[in-house]
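What follows is a single structure, written as structure tokens, with notes after it.
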Amino acid sequence: MALRDKIADRTAKIGVVGLGYVGLPLAVEFGRSGYTVYGIDVDAGRVEKLRHGTSYVPDVPDHEVGGLVQQNRLMPTTDYTVLREIDAVSICVPTPLRKTRDPDIQYIADATEKIRECIHAQMLVILESTTYPGTTDEILLTEFGSSGLRVGKDFFLAFSPERIDPGNPTFHTRNTPKIIGGVTPECTALARLLYENVVERVISVSSTRSAEMVKLLENTFRAVNIGLVNEIAIICDKLGIDVWEVIDAAASKPFGFMPFYPGPGLGGHCIPIDPLYLSWKLKLFNYNARFIELASEVNAHMPEYVVTKIARALNRVRKAVNGSRILVLGVAYKRNIDDVRESPALDIIRLLEQEGAEVEYSDPFVPQLRLDHTNRSSRPITKERLREYDCVVVVTDHGDFDYDLVAAESKLVVDCRNAVRTKGPNIVKL
Ligand SMILES: NC(=O)c1ccc[n+]([C@@H]2O[C@H](COP(=O)([O-])OP(=O)(O)OC[C@H]3O[C@@H](n4cnc5c(N)ncnc54)[C@H](O)[C@@H]3O)[C@@H](O)[C@H]2O)c1
């Protein structure tokens with residue numbers, strides 16, 4: 001049966017490579033849509049958990065994984081050779097930065113090499129990992145092309161950026177529109193056909209490079225606007241103006257304005273990293289992506305700015321950072337999720353400790369935290385405990401925190417998220 005027909009009647013076998021925040025929800029969505037899915041991950045521990053029906057991604061409940069595994073609709077494995085039997089595979093491996101802040105595409109290169117060993121006639125490969133424009137053509141097409149198979153005829157290759165927003169109660173894999181750009185029109189058509197059976201809306205663009213650029217535009221847009229509003233927060237502070245009030249009032253304009261909010265800095269696997277993939281690529285063209293560099297600089301400086309705010313607030317009550325007991329509320333990089341990758345909370349804790357503060361944290365989503373080779377545990381918040389700290393810093397505005405209690409019982413609160421709605425002499429806002 002032709003690949004097109006297998007995709008259309010859902011008898012196509014699907015592979016998902018990399019079962020993390022992106023790959024696991026996608027694999028589950030393929031399974032729920034009636035496809036048989038092989039989930040491939042190099043982490044044997046993760047694969048074992050999934051085989052036992054245990055999810056490690058908060059947006060994917062155990063019962064969904066368990067149900068699909070029991071019905072043999074989701075087969076987690078570390079064995080790439082299953083790809084020999086697979087009709088279409090989506091790649092969702094990490095794309096971090098190196099220590100030098102350059103793209104680290106080693107995970108994509110590894111996955112590509114392993115897929116190349118199994119690539120066969122009538123196979124569709126879709127890259128989902130966020131990366132610089134040109135990756136699909138320069139790395140995947142070059143590698144697969146060396147197999148002797150012809151793209152658009154024998155095998156099919158496309159890029160489709162993942163747009164998942166962990167912890168978002170409204171938008172998830174199925175109802176977030178998907179962008180597709182194939183190497184040839186037939187590649188785009190087949191990838192489109194597959195995703196139309198899984199997500200509500202699919203939009204095609206003319207090339208893999210366009211599809212790669214769409215994702216970078218989206219994330220650069222966020223990084224630059226957050227950089228702008230962080231600078232506005234610093235400006236408002238100097239002028240003695242409440243930035244939160246200004247943003248709320250500006251947001252009443254029904255056109256030409258979109259509110260972004262200041263915060264303690266960027267975190268996660270996307271916004272602090274993805275724009276740097278683009279600026280890195282542009283350096284090869286001798287072009288300096290100025291907005292990206294500037295936003296990155298402003299955003300990266302925010303943890304230091306927060307620590308200065310804390311020092312000033314303590315100073316007002318005749319205390320030094322050195323020797324103060326400080327509680328950081330929220331260490332995940334954003335509200336209601338458990339992900340601490342690149343979280344600004346980690347920098348804030350480090351900076352405070354360098355100045356001699358005794359820092360503890362509370363985060364219902366992160367019971368244990370390993371930071372610079374030390375293990376820490378989340379502290380529960382009680383009336384009595386709050387009174388013990390010299391300063392409580394709201395870094396991440398999880399919905400579970402009782403902000404009224406925090407405001408009422410803490411000696412001093414530095415609120416980086418406008419989470420504490422009550423006003424008082426002990427409340428300092430970013
Ligand atoms: N997390 C997000 O919110 C988000 C949103 C949109 C896009 N993205 C992008 O999606 C991609 C994946 O991100 P993530 O957050 O899911 O990462 P993750 O770290 O949560 O998961 C990646 C998984 O890939 C596995 N892996 C690594 N190398 C592998 C290999 N060679 N073969 C098979 N498995 C391998 C890891 O063990 C891990 O389970 C990245 O490019 C990221 O930028 C992430």
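The values are calculated or read from the model by the stated rules, or taken from the named source; none is laboratory data. Computed from a predicted model, the values in this text were never measured in an experiment. Cβ atoms come from the backbone with ideal geometry, glycine included; neighbour counts cover every protein chain shown. Ligands, DNA and RNA are excluded from the accessible area calculation, which covers all protein heavy atoms including side chains. Shrake-Rupley method; radii C 1.70, N 1.55, O 1.52, S 1.80 Å.
Residue farthest toward the positive end of the dipole of the chain, with Cβ of Lys/Arg at +1 and Asp/Glu at -1: which of V89, P103, G145?
P103
Run through all the Cα pairs of the chain and give the fraction in each 10 Å bin from 0, expressed as whole percent.
Here the calculated profile for the chain is 4, 20, 27, 23, 16, 8, 2, 0.
Compute, for R116, the solvent-accessible surface of its heavy atoms (probe 1.4 Å) with the complete set of protein chains present, and express it in square angstrom to the nearest 10.
My reading of the accessible area for R116 is about 70 Å².
From the square roots a ≥ b ≥ c of the eigenvalues of the alpha-carbon gyration tensor of region 1-151, which class results: rounded (a/c under 1.5), prolate (a/b over b/c), or oblate?
It comes out oblate by the Cα gyration axes.
According to the square roots a ≥ b ≥ c of the eigenvalues of the Cα gyration tensor, what is the shape class of region 89-205, taking rounded for a/c under 1.5, prolate for a/b larger than b/c otherwise, and oblate for the remainder?
Here region 89-205 falls in the oblate category.
How large is the helix-only mean residue ellipticity at 222 nm for the chain, computed as the sum of -39500 (n - 2.57) over DSSP H runs with n ≥ 4, divided by its residue count, in deg cm²/dmol to the nearest 500?
Computed mean residue ellipticity for the chain: -11500 deg cm²/dmol.
Largest first, how would T77, T308 line up by accessible area (1.4 Å probe)?
T308, T77
Could you give the radius of gyration (one decimal) and Dmax (whole number) of the Cα atoms in region 128-262, in Å?
In order Rg, Dmax, the Cα atoms of region 128-262 give 20.0, 67 Å.
Pull up the cross-link candidates among the lysines for K383, meaning alpha carbon to alpha carbon under 16 Å and not fewer than 8 places away within one chain.
K411
Mind checking which of P61, T112, V125 is farthest towards the positive end of region 22-138's charge dipole, using Cβ charges of +1 (Lys, Arg) and -1 (Asp, Glu) about the Cα centre?
In region 22-138, that residue is P61.
Ignoring ligands and nucleic acids, what accessible area does K253 show with a 1.4 Å probe (Å², nearest 10)?
90 Å²
Compute the signed sum of charges (Lys and Arg +1, Asp and Glu -1) over the other residues within less than 12 Å, Cβ to Cβ, of I7.
With Lys, Arg at +1 and Asp, Glu at -1, the net is +1.
Please work out whether region 308-430 counts as rounded, prolate or oblate from its C-alpha gyration tensor, where a ≥ b ≥ c are the square roots of the eigenvalues and a/c under 1.5 means rounded, while otherwise a/b larger than b/c means prolate and anything else oblate?
Note, shape of region 308-430 comes out oblate.
Under unit Cβ charges (Lys, Arg +1; Asp, Glu -1), what dipole magnitude, rounded to 20 debye, does the chain have relative to its Cα centre?
520 debye
Using 1/(1 + (r/R0)^6) with R0 = 60 angstrom and r between the beta carbons of L405 and A189, what's the FRET efficiency to the nearest 0.05?
About 0.60, to the nearest 0.05.
Quick one: if the Förster radius is 41 Å, what FRET efficiency do R290 and E48 give, using the C-beta to C-beta distance and rounding to 0.05?
Using R0 = 41 Å, I get an efficiency of 0.30.
Pairs K99/K319; K281/K309; K114/K153; K253/K429: which are spaced more than 32 Å apart, C-alpha to C-alpha?
Violating the 32 Å Cα-Cα cut-off are K99/K319; K281/K309.
Tell me, in nm to one decimal, what length is gained between A300 and N315 on full extension, where the rule is 0.36 nm per residue of separation less the Cα-Cα distance?
Roughly 3.0 nm would be gained on extension.
Can you tell which of S146, S129, S343 shows the greatest fluctuation in a Gaussian network model of the chain with Cα springs below 10 Å?
The residue that fluctuates most here is S146.
I want the antiparallel fraction of DSSP beta bridges within the chain, as a percent rounded to 5.
15 percent
Packing-wise, with mean Cβ within 10 Å as the measure, how do 31-40, 387-396, 310-319 rank, highest first?
Highest mean packing first, the order is 387-396, 31-40, 310-319.
At 25 °C and a viscosity of 0.890 mPa s, what translational diffusion coefficient does Stokes-Einstein give for region 58-107, taking Rh as the Kirkwood radius over Cα pairs? Give it in µm²/s as a whole number.
175 µm²/s
Using Cα-only point scatterers and the Debye equation, what is log10 of I(q)/I(0) for region 304-360 at each q in 0.20, 0.21, 0.30 Å⁻¹, rounded to two decimals?
These q points yield log10 I(q)/I(0) values of -0.71, -0.77, -1.23.
List the chymotrypsin sites (Phe, Trp or Tyr not before Pro) in region 183-266 that DSSP assigns to loop (not H, G, I, E or B) and whose Cβ has at most 15 other Cβ atoms within 10 Å. Which are they?
Hits after loop and neighbour filter: F255, F257.
What does the convex hull of the Cα atoms of region 1-82 come to per residue, in Å³, rounded to a whole number?
Dividing the Cα hull volume of region 1-82 by its residues yields 84 Å³.
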